[in-house]
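Comments concern the structure below.
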Ligand code: 5RP
């Protein structure tokens, strides 16, 4: 199971980023699992931290591992959150929510000084959208939202459980899994979805993650967000303007 090994390598590497005294956001999913287990081992060895879990499932796991837990009511600023992702692009924009915990995950990641994403190599993509985008919705608005989101070019299906009932999130909502294919402009789609009444939250994490640790084969590599083209060209422009100004100064001194 190559991906399983990559997940464990990424999770364990990220757990080393946690420092004594940190308030730590504990992610959800099969990759974050390894980070939580490794943090649990460090806690057993004497590390003093407080964890804020992103789901009921992660809270149960952390409790079993002996990780002290608290809530956002007690700690509104989190030092580091370690969480998985379903897709990661070069700007470190993410699709999350495959495990259904995107709402609490986004709240916790947004309250964190640093979000480190952990993933196996299959999660790194050129463009987001192959993975169906999870959109957490109020059940009352389900039909109207499925139609509205479909009009943006997606096909939406209501997430179901194995027993034939709709999947219900930790906050009591439903999830529409929306297949867009390639998402041309993730920040724009994020804004459009956020403005739809009845959408509680969506799985596009734009500009939130500052680092991804990706397992590949038997090692890990780090991804940091690529500077956007606009930012880079502004910097290049101001550098070349400075260069031509000083060239002109030198010339005028010589003449
Ligand atoms: C849960 C998530 C997970 O982090 C995401 O689905 C990745 O999970 P895994 O590590 O199991 O592939 O967003 O809501």
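The values are calculated or read from the model by the stated rules, or taken from the named source; none is laboratory data. All values reported here derive from a predicted model rather than from experimental measurement. So basically every Cβ, Gly included, is an ideal-geometry build from the backbone, and we count neighbours across all protein chains shown.
Tabulated values for the structure
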read-out: Index of the failed condition, residue 172 passing every other in (1) away from the ligand (no atom under 15 Å from the Cβ); (2) surrounded by 14 or more Cβ atoms within 10 Å (Cβ to Cβ); value: (2)
read-out: Restricting segment 195-220 to residues that are in contact with a strand residue (DSSP E or B) (Cβ under 7 Å, 6 or more places away or on another chain) and away from the ligand (no atom under 14 Å from the Cβ), the residue that is farthest from residue 4 (Cα to Cα); value: 198
read-out: Any hit, segment 42-54, residues being within 11 Å of the ligand (Cβ to nearest atom), modelled with pLDDT of 95 or more and crowded, with 24+ Cβ neighbours inside 10 Å; value: yes
read-out: Residue satisfying condition, being in contact with a strand residue (DSSP E or B) (Cβ under 6 Å, 6 or more places away or on another chain) and within 16 Å of the ligand (Cβ to nearest atom), within set 59, 38; value: 59
read-out: Test set (1) within 16 Å of the ligand (Cβ to nearest atom); (2) farther than 29 Å from residue 138 by Cβ - residue 17 fails condition number; value: (1)
read-out: Pairs with Cβ under 7 Å, 6+ apart, first in segment 1-16 and over 15 Å from residue 36 (Cα atoms) and at pLDDT 95 or above, second assigned to a helix (DSSP H, G or I) and within 13 Å of the ligand (Cβ to nearest atom); value: 6/121
read-out: Those residues of segment 76-134 which are under 21 Å from residue 157 (Cβ atoms), crowded, with 24+ Cβ neighbours inside 10 Å and more than 10 Å from the ligand (Cβ to nearest atom), in sequence order; value: 128, 133
read-out: Any hit, segment 122-130, residues being at positive phi and within 12 Å of the chain's Cα centre (by Cα); value: no
read-out: Wholly enclosed strands (runs of 3 or more DSSP E) of segment 104-188 bearing at least 1 residues within 30 Å of residue 18 (Cα to Cα); value: 115-120, 133-137
